[in-house]
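The values are calculated or read from the model by the stated rules, or taken from the named source; none is laboratory data. A quick note: this is a predicted structure, and the numbers were derived from the prediction, not measured. Heads up, the Cβs are rebuilt from the backbone with ideal geometry, glycines too, and the neighbour counts pull from every protein chain shown. Ligands, DNA and RNA are stripped out before the accessible areas are found, and what is left, the full protein with its side chains, is counted by its heavy atoms. Shrake-Rupley method; radii C 1.70, N 1.55, O 1.52, S 1.80 Å.
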Amino acid sequence: MVKLGTVTIAALAGNSGAADRALTFSPGRMPAGIAAADPMLAVRTATYPVSFQQRQ
């Protein structure tokens, strides 16, 4: 392991409930220059928004 830094939470958002609901995890959301080696990731990425909508 290599310690890269420290993450510090200084305050919570005032509307944290609404902000939390607006966040969605997408396994295919990657920064430029990073690519997935597993082709199943594309399928999973397409299903996450559907699942999120069902939970709303």
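Brief remarks follow.
- Karplus-derived 3J(HN,Hα), 6.51/-1.76/1.60, for each residue of the stretch 41-56, Hz, glycine and proline x: 4, 5, 5, 4, 4, 6, 8, 4, x, 5, 4, 4, 5, 5, 7, 6
- When the surface is traced with a 1.4 Å probe over the full set of protein chains, Arg44 keeps roughly 110 Å² accessible.
- Per-residue [θ]222 nm for the chain (sum of -39500 (n - 2.57) over DSSP H runs n ≥ 4, rounded to 500): -12500 deg cm²/dmol
- Distance (nanometres) between label positions extended 7 Å along Cα→Cβ at Ala18 and Arg55: 2.0
- Normalised by 2.2 N^0.38 Å, where N is the number of residues, the alpha-carbon radius of gyration of the chain equals 1.53.
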